[in-house]
Amino acid sequence: MLTKMRVKNFKAWKDSGEIRLAPLTVLFGTNSAGKSSLGHLLLALKQTAASADRRRALHTGDDASLIDLGTFSECLHGHDTKAALDFSLSWKLDKPLEVINPLEKTERYKGSKLSLDCTLEASPSGQPIVRKIHYSLGGDSDGPDGADLLEISFGQPASGKPTLKSEPYHLVFADGRKWPLDAPDKFYRISDRSMARYKNADFLTDFALATERLLSGLSYLGPLRERPRRTYPWSGNIPESVGPTGEHTIACLLAAKAEETSLNRGFKKKNQPFKAFIASWLVELGVIESFDVNTVAAGRKDYEVKVKTSGASTAVDLPDVGFGVSQVLPALVQAFYCAPGSIVWMEQPEIHLHPQVQSGLADVFISAIRASENGQPRNVQLIIETHSEHFLNRLQRRIAEELVTPEDVAIYFCEPGANGSSIRELEVNEYGDISNWPDHFFGDEMGDLVARTEAAAQRKSEREEP
C-alpha cells in the first residue's frame, strides 16, 4: 500500500508537497487542478516498469499504452526542459524485506517499508534521463524503530562520473571490476553490469523487484466507461482488471466465478460467491432488484447480462435499463476483483448516478478496504477522484458512526494557482467534521436560498401593487 507521494515539476504541479495516502484516499478539487495528473504519473511509472525496453527511463506513452502523456517536455511543469521531474513514493511491503551482507552474515537489515526518490531530466534531444535513484528501507513501526535502516543512492550528474553509495551498508568492489557505472535500467533499477562491479550488491535487485510488484498491482478506471452491450465474449481468460473504460467488467465477473472466488464485507461477515456479492451491492444501492450473467446458448462463448429493475415484471438486457447500472458496475467489480494488496485509482465513479447511489458508493468503498477473500484480509487501497458532495457526506457520517476511522481515510482538496496547483489535506475529526473545507466548493447553498427568497418576495410585492 502506498503511504506517501510527492511530485515536483510534473504537469500542473510545481511541488505537491508530501501527500499522505490512506487505505481510502479521496481527491476533490476544481477543474484543471491536477488531480488526474497524480494518477497519470503512477500509470506512466507502471507502464515503464512493464516495458521490455530496459533503457527507457520513463515511458510517457503511445496509442497502445495505459496512458499517453505526450513528449517528456510536455510532462514537465510549464514545459520547462531545464526543470527536473522529481517524484518520491513510500509504501508498505507485503512482507518484510531482509538484506544480508554476504561478506559479513551478521550484518542484516530488515524492514517492511520502502521509499523511492527519483529525479529525471531532459537530455539535449529531449528524452528523459535518470539523474538520481534513492532507496530507503525502513523499520516496522512509526516510532524511532521505524527510522530508515538502509539507504542506497545512485547519482548521474550532467558532468562527472556516476556514483553509487550505500549507508551504513558498505559496498565492496569485486576484484578487477572497477569499470565505470552504467546508466540505470529505467527510473528505478540499477543495471546488472553496474551491480557486477561489487561483491555484495545483489540486494539491489530485491529493491527493483519490490518496485515492480507495487506498480504491477496498480489499476485504473477512468471517468468515461464503455457503453453497455447486448452480448459479451469470454473464452476463459483471466483479466488483470476491468480496464480503463470498464471494457473487461463482464469477463472479470465470469473469471471470478470460474475461479470460485468468494468475498465478505469484513470481519465475521458472511462469505458470498463473487457475482452474488456484487449483485447484493447493486441491490443495496437501489440500482436493481436482480442481476445475472448467462451464456447466450450452450457451447457458445457469448454472454448476456440480464437486469431486473425496481417495479419491473421481467429482466431485460443491460442496454435496456438506465445508463447508471453499466457505469457503476465497473467501479464495484474493480474494487473487489483486483488482487489482494492492489491499488485502484478511480476517476469520478459517481458519474451518471443518482445522488442516493453516489452516497452508497462511500459504503461500497469502505467495505472494499475492509473486505476479506477466502478468509484473509484483502488490504486493497482505493484512491478516488470525485466531485460528489453526497459521497463526502456519507463518508463523514460513517466516520462519526465509527464504521471507519479518520486514519483510514485521507481527503484532499486541489486547486490551481499561479505557481502551480496546490493540495491540502482536509482535517477530519472523529465526529466526521471537516474544519478547513473551502468555501462554496459545492455551491453557496445559503446564498442561493437568500437570493431565491428575496426574488420571490420581490415578485409577490410587484403582483400586489395596484
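The values are calculated or read from the model by the stated rules, or taken from the named source; none is laboratory data. None of these values were measured; they are calculated from a predicted model. For neighbour counting, all protein chains shown are included, and Cβ atoms are generated from backbone atoms with ideal geometry for every residue, glycine included. Note: accessible area is taken over every heavy atom of the protein model, side chains too, but ligands, DNA and RNA are not part of it. Shrake-Rupley method; radii C 1.70, N 1.55, O 1.52, S 1.80 Å.
Hey, any hits in the range 111-122 for a residue that's open to solvent by 80 Å² or more (accessible area, probe 1.4 Å), outside any helix (DSSP H, G or I) and of a type in the set (Lys, Arg)? No, every residue in the range 111-122 fails to be open to solvent by 80 Å² or more (accessible area, probe 1.4 Å), outside any helix (DSSP H, G or I) and of a type in the set (Lys, Arg).
Kindly indicate whether residue 284 is open to solvent by 80 Å² or more (accessible area, probe 1.4 Å) and within 28 Å of the chain's Cα centre (by Cα). Here the answer is yes, as residue 284 does meet what is asked. The residue that is farthest from residue 135 (Cα to Cα), among those in the range 148-174 that are open to solvent by less than 50 Å² (accessible area, probe 1.4 Å) and either among the hydroxyl-bearing types (Ser, Thr, Tyr) or assigned to a loop (DSSP other than H, G, I, E, B) (or both), is 174. Condition first: open to solvent by less than 20 Å² (accessible area, probe 1.4 Å), touching a Leu at 6+ places or on another chain (Cβ under 7 Å), touching a residue at least 40 places away in the same chain (Cβ under 8 Å) and among the hydrophobic types (A, V, I, L, M, F, W, C). Can you find one or more residues in the range 180-187 that meet it? The answer is yes, given that some residue of the range 180-187 is open to solvent by less than 20 Å² (accessible area, probe 1.4 Å), touching a Leu at 6+ places or on another chain (Cβ under 7 Å), touching a residue at least 40 places away in the same chain (Cβ under 8 Å) and among the hydrophobic types (A, V, I, L, M, F, W, C). Within the range 60-73, residues that are among the acidic types (Asp, Glu) have Cβ atoms under 9 Å from residues that are part of a loop (DSSP other than H, G, I, E, B) and open to solvent by 70 Å² or more (accessible area, probe 1.4 Å) in these pairs: 62/68, counting only partners at least 6 apart in sequence or on another chain. Test of understanding: among 95, 11, which residue is in contact (Cβ under 8 Å) with a residue 24 or more places away in the chain and among the charged types (D, E, K, R)? The unique qualifying residue is 11. For the range 78-90, a residue qualifies if it is more than 27 Å from residue 380 (Cα to Cα) and either open to solvent by 30 Å² or more (accessible area, probe 1.4 Å) or part of a strand (DSSP E or B) (or both), and the qualifying residues are 78, 79, 80, 81, 82, 85. Output the residues belonging to the range 412-434 that are among the hydroxyl-bearing types (Ser, Thr, Tyr) and touching a Leu at 6+ places or on another chain (Cβ under 8 Å). Hit for the range 412-434 is 412, nothing else. The C-beta contact set for the range 284-298 (first residue touching a residue at least 24 places away in the same chain (Cβ under 8 Å), second residue among the polar types (S, T, N, Q) and surrounded by 13 or more Cβ atoms within 10 Å (Cβ to Cβ), distance under 7 angstrom, 6+ apart or interchain) comprises 288/309; 296/231.
Taking the numbered list (1) part of a strand (DSSP E or B); (2) over 23 Å from residue 54 (Cβ atoms); (3) over 22 Å from the mean Cα position of the chain (by Cα) in turn, residue 93 passes all entries but (3). Of the set (1) within 20 Å of residue 54 (Cα to Cα); (2) within 29 Å of the chain's Cα centre (by Cα), all apply to residue 156 but (2).
What do you reckon, is residue 214 open to solvent by 10 Å² or more (accessible area, probe 1.4 Å), among the aliphatic types (A, V, I, L, M), without any contact (Cβ under 8 Å) to a residue 12 or more places away in the chain and outside any loop (DSSP other than H, G, I, E, B)?
Working: open to solvent by 10 Å² or more (accessible area, probe 1.4 Å): yes; among the aliphatic types (A, V, I, L, M): yes; without any contact (Cβ under 8 Å) to a residue 12 or more places away in the chain: no; outside any loop (DSSP other than H, G, I, E, B): yes.
Answer is no for this residue.
Residues that are open to solvent by 50 Å² or more (accessible area, probe 1.4 Å), out of contact with any Pro (no Cβ under 6 Å at 6 or more places or on another chain) and either under 19 Å from residue 296 (Cβ atoms) or among the polar types (S, T, N, Q) (or both) within the range 248-266 comprise 257, 258, listed in sequence order. Only residues that are in a loop (DSSP other than H, G, I, E, B), in contact with a strand residue (DSSP E or B) (Cβ under 7 Å, 6 or more places away or on another chain) and surrounded by 15 or more Cβ atoms within 10 Å (Cβ to Cβ) were counted across the range 405-440, and they come to 3.
If the condition is being open to solvent by 20 Å² or more (accessible area, probe 1.4 Å) and either under 13 Å from the mean Cα position of the chain (by Cα) or hydrophobic (A, V, I, L, M, F, W, C) (or both), then the range 330-347 contributes 339, 341. When each of 379, 374, 393 is tested for being open to solvent by 70 Å² or more (accessible area, probe 1.4 Å) and in contact with a Pro (Cβ under 7 Å, 6 or more places away or on another chain), the lone residue that passes is 379.
Among 225, 131, 177, which is surrounded by fewer than 16 Cβ atoms within 10 Å (Cβ to Cβ) and either among the basic types (Lys, Arg) or in a helix (DSSP H, G or I) (or both)?
Exactly one of 225, 131, 177 is surrounded by fewer than 16 Cβ atoms within 10 Å (Cβ to Cβ) and either among the basic types (Lys, Arg) or in a helix (DSSP H, G or I) (or both), namely 177.
Among the residues of the range 96-110, those identified as open to solvent by 20 Å² or more (accessible area, probe 1.4 Å) and part of a loop (DSSP other than H, G, I, E, B) are 102, 103, 104, 105, 106, 107.
Within the range 39-54, the set of residues being under 13 Å from the mean Cα position of the chain (by Cα) and either open to solvent by 30 Å² or more (accessible area, probe 1.4 Å) or free of Cβ contacts under 8 Å to residues at least 40 places away in the same chain (or both) comprises 40, 44. Do we have any residue at all in the range 450-461 that's in contact (Cβ under 8 Å) with a residue 12 or more places away in the chain, open to solvent by 10 Å² or more (accessible area, probe 1.4 Å) and acidic (Asp, Glu)? The answer is no, given that none of the residues of the range 450-461 is in contact (Cβ under 8 Å) with a residue 12 or more places away in the chain, open to solvent by 10 Å² or more (accessible area, probe 1.4 Å) and acidic (Asp, Glu).
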